[in-house]
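Each value in this text was obtained by applying a stated rule to the coordinates, not by laboratory testing. What you are looking at is a predicted structure, and each value in this text was computed from that prediction instead of being measured. Note that each Cβ is placed from the backbone with ideal geometry, even for glycine, and that neighbours are counted across all protein chains shown.
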Amino acid sequence: MSTSGEPVKIERAVKVEEDKEGQNGFFGTIKGFIHDIGEKLEDKVGFGKPTADFVAIHIPKMNLKMAEIVVDVLVKNPNPIPIPLVDINYLIESDGRKLLSGLIPDAGTIHSHGSETIKIPVCLIYDDIKSTYGDIHPGNRIPYKVKIDLIMDVPVFGRLTLPMEKSGEIPVPYKPDIDVEKIKFESFSMEETVANIHLKLENKNDFDLALNSLDYQVWLGDINVGGAKLSKSAKIDTCGITYIELPISFRPKDFGSALWDMIRGRGTGYTMKGNIEVDTPFGPMKLPISREGGTTRLKKNKENGCNDEDQDDDDED
C-alpha cells in the first residue's frame, strides 16, 4: 500500500510544478509584454498622469443671505488625446462639520497636451449654516476647508481620482446699524428746501468695511421727498463707527399736510431706506440700510429768524 501511494504523490508534485512553470512561462510572458507595451506607450506616445492644483477661491457675490463661491482648479493633461473629466466631488466643512457638499457630473474634457482652468461654483446659505450650528453668529468669520476630488478616465492608467484641499476663512456678514442723528436744513423755501441728513453707521462685523457708495430715499410722514446716490469713500473699522452727511432737496409746495405740519411745528416722522456698497477683505457687498422714527420739525434760528434746522426727538427703532 505504501509503494502504490508514492507515484500518486510524485505525479501531483510534478503537475503542480508544471503549472508553476506554465504561469511563469506563458502568463508571465504575457504580463511582461503588456507591461512593456504600457511603458513604451508612455515613453514613446507620451502618456502620463494628469495633475491638478488650486489656483484661487473667489467670492463674486455676497450679501446677508448667501455667499457665492467659485473655486478655480488648474488641470494639466500631458497626453496626446483629450481626457474626459467624469465627475467632480466637493465638500466644504468648518472645524470638521459639513457646511455643503455636492457632485458635478460630466464636467467636461481636458484638451490633449493642454491645461484647463475648471471653475467649480458653490453657494453657502447663511440661514442653513446658522440653523445647523448654533455657535456661528452674524458678524463672525468662520474657518473653512474645501475638499475636491477630480475623477477622470486616462488611457493606460484607467480611472484616476485627483484629491485636493484648501483652507481659508469666510464671513457671516452683519448689517451695519444706522442712526439718523439729525436733519439740518441749510435753506428753506416753498420753491426749494435743501437739507443735510447726519448719519451714523456702526460696523458690528469683526472685519473692516470700506464704504464706496450709498443710495437712499427719504420719507417725511408718508411722503417720499426724494433721494440720491452718494459716492462716499470712508473706512468703517472693525466694530467701529463712521459719520457721513447726505444731501437732499425738495419742493415743499409739491407736497401736502405732512410738510405743513412740520413747518407749523407739529412734527412728522421720517423714514430712510437704501443700500450701501462696501468692500471687505473677502470681496464686495451690497447691504440694505433702513431707519424709521423720530419726530422731525423745523427749529427757529434765533440769529436770523429763519427756519433752518430740523431736530429729531424721541427716536424709535
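Each residue of region 178-187 is assigned a 3J(HN,Hα), and the resulting list reads 10, 9, 8, 6, 6, 10, 9, 8, 7, 8 Hz, derived from the Karplus form 6.51 cos²θ - 1.76 cosθ + 1.60 (θ = phi - 60°), x at Gly and Pro. Beyond a 26 Å Cα-Cα separation, which of these cross-linked pairs lie in this structure: K130/K235; K204/K232; K49/K147? In this structure, K130/K235 lie more than 26 Å apart at Cα.
Shape of region 51-171 from the C-alpha gyration tensor: prolate (a/c of 1.5 or more and a/b above b/c, with a ≥ b ≥ c the square roots of its eigenvalues).
Under a 5 Å amide H cut-off, with hydrogens placed 1.01 Å from N, Y144 pairs with G168, E169, I170 among residues at least 5 apart or on other chains. Ranked by the mean number of other Cβ atoms within 10 Å per residue, highest first, peptides 199-208, 160-169 order as 199-208, 160-169. Applying 1/(1 + (r/R0)^6) with R0 = 30 Å to the Cβ-Cβ distance of D215 and D237, what FRET efficiency is obtained, to the nearest 0.05? Working from the Cβ atoms, E equals 0.85. A cut-off of 5 Å between modelled amide H atoms, ignoring neighbours fewer than 5 places along the same chain, links F207 with C239.
In terms of packing, defined here as the mean over residues of other Cβ atoms within 10 angstrom, the peptides 211-220, 109-118 line up highest first as 211-220, 109-118.
For the residue pairs K253/K286; K145/K175; K166/K229; K98/K200, the C-alpha atoms sit more than 28 angstrom apart in K253/K286; K166/K229; K98/K200. Between region 197-260 and region 47-88, the alpha-carbon centres lie 42 Å apart.
Packing, as the average of other Cβ atoms within 10 Å across residues, places the peptides 132-140, 238-246 in the order 238-246, 132-140, highest first.
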